[in-house]
1. Out of the residues in the stretch B:355-378 that are within 12 Å of the ligand (Cβ to nearest atom) and more than 20 Å from B:ILE543 (Cβ to Cβ), state the one that is nearest to the other protein chains (Cβ to nearest Cβ).
2. Exactly one of (1) modelled with pLDDT of 90 or more; (2) within 13 Å of B:LEU246 (Cα to Cα) is unmet by B:LYS552. Its number?
3. Right, B:SER252: out of contact with any His (no Cβ under 6 Å at 6 or more places or on another chain), among the polar types (S, T, N, Q) and assigned to a strand (DSSP E or B) or not?
4. Regarding B:THR330, is this residue free of Cβ contacts under 8 Å to residues at least 12 places away in the same chain, over 19 Å from B:GLY529 (Cβ atoms), more than 14 Å from every other protein chain (Cβ to nearest Cβ) and within 16 Å of the ligand (Cβ to nearest atom)?
5. With the requirement that a residue be within 11 Å of chain B (Cβ to nearest Cβ) and either among the acidic types (Asp, Glu) or at positive phi (or both), what does the stretch A:344-387 give you?
6. For the stretch B:20-31, give me each residue that is more than 7 Å from every other protein chain (Cβ to nearest Cβ) and within 13 Å of A:LEU400 (Cα to Cα).
7. From the list A:ILE408, A:ILE421, A:ILE387, which residue is among the β-branched types (Val, Ile, Thr), closer than 14 Å to A:LYS116 by Cβ and in a loop (DSSP other than H, G, I, E, B)?
8. Quick check on the stretch B:374-392. Is at least one of its residues surrounded by 21 or more Cβ atoms within 10 Å (Cβ to Cβ), modelled with pLDDT of 90 or more and in contact with a strand residue (DSSP E or B) (Cβ under 8 Å, 6 or more places away or on another chain)?
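The values are calculated or read from the model by the stated rules, or taken from the named source; none is laboratory data. Model, not experiment: these values are computed from the prediction. Cβ placement follows ideal geometry from the backbone for every residue including glycine, while neighbour counts extend to all protein chains displayed.
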Amino acid sequence: MEEKIHIDWLTVILYIIIVIFGAMNIYSANSSVENAFLFDFSREYGKQFIWIGISAAIVFLILLTDFKFFNFSSYGIYAIVIGMLMVLLATGSFERGAQAWFRIGSFKLQPSEFAKYATALALAKFLGGFDVKFEGKKNILICFGIIFLPMALTLLQNDTGSALVFASFILVLYREGLSGWWLILGVYLALIFVLTILLPSLYIIGTLLILAVGFIYFFRKQKQLIVLGIVVFAASSFFILSLDFVFAKLLQPHQQQRILVTLNQDVDQYYTKKAKEFSIFKVEKKHVDKKNASKRDYSYNVRQSKISIGAGRWWGNGFNNGTQTKAKLVPEQHTDFIFCTIGEEYGFVGSTAFLLVYLLMIGRIFYLAERQKNIFSRVFGYSTGSIIFFHFFINIGMALGVLPVIGIPLPFMSYGGSSLISFSMLLFTFLKLDANRVNEISRLY
Amino acid sequence: MEKSGRLYVFIGVLVLVGVIFTVRLFFLQIVDTSNYYKAQSYGSNEIVIHPSRGTIVDRNGKLMVFNDAIYDLMVVPEKAKNFDKAYLCRELGIDTAEFNKRLKKASRYNIKEPAVIYKSLSKELYTRMQEILYQFPAFYIETKIDRRYNINGAAHLLGYMGEVSEKQLKEDKYYRPGDIKGISGIEKAYEIYLRGKKGRKVVLVDKFSKQQGSFAGGKFDSLPIPGQNIVSAIDMDLQQFGEELLKNKIGSIVAIEPATGEVLAIVNSPNYDPNLLVGQQRDKNFNSLLLDPRKPLFNRALKSPYPPGSTFKTVQALIGLNEGVLHSYTKYPCRGGYHMGSITVGCHPHASPLELERSIAQSCNAYYCNVYRSIIDNPKYSSVQDGYTQWTKYLNSFSLGMKTGIDLPEESKGIVKQSQYFEKIFGKNWRSSNVISLSIGQGEVGLTPLQMANVSATIANRGFYYTPHVVRSIGDNNFVPAEFKVKHRTMVAPEFFDTVVAGMAKVTQPGGTAWRCSIEGIDICGKTGTAQNPHGDHHSLFIAFAPRDNPKIAICVVVENGGAGAAYAAPIACLMIERYLATDKTQPSKKPDMLKRMLEANLAGAAIYQLPGKDPAPAAGTKDTTAKKKPAPAALPVKKK
Ligand SMILES: [Zn+2]
């Protein structure tokens, strides 16, 4: 390699800060009060140092690799990961009810984590292809196909959280030309969905009717908009009325549970309330008891998480001093609920500082992505930023009790080898591509 | 690229999410403090370490009250969910209904606060619980302190401990449900000194209630501070001797050291064994004591006002002397009593006329009717009402009709009526003849044994008293509350006391009403009293102090239905004085017959069944034989069924 590595040091520094801070929090959440040997490899915080070491090695390898390798082998990597997911689905090695693992010695590999990396590569490769644009039915269908294949395979493994992450590629497609209306539609439908659970359906339809009449009256001279108003209203009403059915029939009990808990709804009350409106809920009565059994767990997680964060107040209890953390009251605190430790031990000041650092890193990734000269790098950059952002948004929203409990890790922070390694690969592959962009420029002049 | 502007949409979304999360964090961490307080109770378990309670020793350093550890099974009601109730109940040996009742009671105050669910586990149960409690995270064992007594008596004085009430829980945050505190006697009055300060150990617990070690390196832990030991003014030997003497009688004895106001003994009969009100049996025994018709829980010495009878004559003489209406040479005749219109106050046969000293020694009623009338009918007051009011002020200066301020709870102020009281009965212009019985301590006057003993101490001191107190000093530094050292002077000038003292000295000399009780070698100054009792035999009263100069002990003895003062109260008082002044307590009494007679007398059965009669009490000997045939009431409530 002749070229100097023009790596974006700001991102690297932010990355290092977050990884070290993450390890500190895992240590805090996982060590008991008495034994506190930092490199106790039988404990998670000890193992996390191993993962950090492995990640560092992989990062080093990536930086040494010729940038063309990623473009060249992206479909290959994609194929391998899809193959792994299929093998997993066939053999079925499930743990924690959801995630599927490959066992390599004593280490467990979680292919769904690497599936995001592979999908990002494949999508970048496709869109970066000569004269390919995100236009035309065929291209759009191929893009969605690339995304849906691993998503569906993950979903079939019952790993809803990880599958949902693939939705973050919508953001990438938006950057590549997908109409913003699709995003607005998505937000609109999500809003309607939440309102339908909170309020009786007829209230929402009534409100929408008033809005639609007002809209049509306001644009009464423009026929197209009148039609639009009617169509949107009709479709919304259908959506609302079908939602209850979808919710009751198509979602699994634990998924209904998580959603209801997030919206502060009591499951029993919800069903009695809804049963008055629609007869289909009466049939479900049988399921209610089963749901109740698991209800405590979800509401418990969220409540403990809130208590833990709330305990931090302005300045927090200080490193390794969180009572809630130390008492291990929040389930999965070293993995999915790692933010609780930050909330409790570093308080409002520390938590917001952390959010700032994290969002700064994500923003920097998007900024770097935008400045790419070739589409492959840009799409891969936006994928990197979107995936990390999606994880960040869902994970912290969940810890703060504003989003449903969806078990996905906080990148670079949560305990877990597959997660840390795959996100590090994602980030540094992009940084390698970005560094190459600078080389390209220097070659030009 | 025309889509490059969309970067700003991405950045905008990041900013928006950042703002939403920050606002949410602000709400959770700063605005909503409930999470913070919940955290205090969830993550850590506070283990209370109960301090040892202060011990109580008598004035000679003899241990009276000490501690023993008891083990209570505690529950945190909030966490008591999803456990094998049937299994736990089986191990505890209680049925589920009872268990539920207790759990409900424990939840009543605050479901987060630990409360007792099973008091004083037995040794076996304690061991068993330690083996199985890991399965019941909401339950744990707390070591507490319970009282043990070295003395089978002084129960009213020492007081008992009991579970803290809900009202007290709200008033004093120191206590938690199931804690025990002093409910009466010294235990209550000196609770804040005796209880010490609880220590605490904050341990981290995980969600399985498994301890994860000390919280924050023990930063919030504190060691218990033991309660302060108390030196009581009580003489344990004298106290127990008094209890022996009052056995099978109803009454009380109060003995005070005049020079200090220290209470040497407070004896009540009937009383109870303080050992009954400890541990597991406390509630059961307390209830049977409460229901006992003999009222063993009632502290007569402090709460029961008796007509002082002739003992009151000492006070009347002092007031008369100070008012200038009576002199040591004043003589009044007595012709079988005092006659005034239709009213006659009878008197026993004696030489007449008598001067002041002999009027006390022989206890002439007529003499004091004259004295009392001269006090309240004194022309220097515009009316008898004003004269009476002035008289009550004198009484108040002896702390009669007022609380003495003794350092024990629940003291009665006795009965001294305001002049308005008589207006309601006799009309606005009532006359001294209407209240003539007050001159000999009958009628509308009532003094507690403590007040009478204090009068005796005041006379012994020739005109002042210290607030009676049962505690001598508190703690290792021998702290003495300042109010114990305040000298209270009566309205009677000191020079008038000598005549009355001289009269009281003659009481135990030949010709005096209690001459039979005299004890060789001790100058006992006393005054007998016989209080009329509408419900039965007269009450036998005696106040005394000894020696005449530099008195060491002042005493009041009341024996209900004991007849004349000289029959029971005076002998008991003299024996008490002899016992107290004796340097060698093993030396036999100089009055062995009198001692035997007093110890064997049984008036308790008679007191309840005997009908009221006019006749003075028959000779003690005859009465004893009749009384002894009746079954004595059960002494221990526990044995009652
Ligand atoms: Zn007479």
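1. B:CYS369
2. With respect to (1) modelled with pLDDT of 90 or more; (2) within 13 Å of B:LEU246 (Cα to Cα), B:LYS552 is out only on (2).
3. It is true that B:SER252 is out of contact with any His (no Cβ under 6 Å at 6 or more places or on another chain), among the polar types (S, T, N, Q) and assigned to a strand (DSSP E or B).
4. Taking the combined requirement at face value, the residue does not satisfy it.
5. Correct list: A:GLU344, A:GLY347, A:GLU370.
6. Once the filter is applied, which keeps residues that are more than 7 Å from every other protein chain (Cβ to nearest Cβ) and within 13 Å of A:LEU400 (Cα to Cα), the stretch B:20-31 yields B:ILE20, B:VAL23, B:PHE27.
7. Answer to the selection: A:ILE408.
8. no
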